[in-house]
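The values are calculated or read from the model by the stated rules, or taken from the named source; none is laboratory data. These numbers come from a predicted model, not from an experiment. All Cβ positions, glycine included, derive from the backbone under ideal geometry; neighbour counts span all protein chains shown.
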């Protein structure tokens, strides 16, 4: 197996440290070593020191958790956004396989941790009546259950879709918010709730697009 290029590994280290900092949990050098399975702690140290030299991190001497982002250094009263992973796309219309490949990150202000949230790109027009349009990003809280009336991301067999959940006499129904699309009534063994949609993001300018790493 070919080795990962040093620049790519360093970028991954930066993304990891940055997300930990946004969560208020700055990592130690040894935690970075374990996160990336480096054989030696010195390898983690070298990547972190290189990021300091590049100006992407700052270091507080004498502190085990002394790495910080330069733009947040000394700033008080700021709200800590979470860097939420964008996991491919989801169809709002005909069912489409949800791609699990990482497609970037988006900052979200939330009381939930990054591990509880994910984002998906919407394709299709079945949810336009709920204000969810093609190319929107839906921010989703991971949960296996939801209430009737919630907008959810559901996995039907191997395909994912975003719909409004209705439960009638114990039967799950996935309703579109567009009269041109049909209600989906899967069997209880075919359907699994992946999460509840808690926010919708729409970008009008390229400058506002999600973070790419």
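Things worth noting here:
- The sole residue among 154, 144 that is closer than 26 Å to residue 111 by Cβ, in a loop (DSSP other than H, G, I, E, B) and within 21 Å of the chain's Cα centre (by Cα) is 144.
- Residues located in the stretch 97-122, provided they are crowded, with 17+ Cβ neighbours inside 10 Å and either modelled with pLDDT of 85 or more or part of a helix (DSSP H, G or I) (or both): 114, 117, 118, 119, 120, 121, 122
- Every residue from the stretch 167-184 that is free of Cβ contacts under 8 Å to residues at least 40 places away in the same chain and under 26 Å from the mean Cα position of the chain (by Cα): 174, 175
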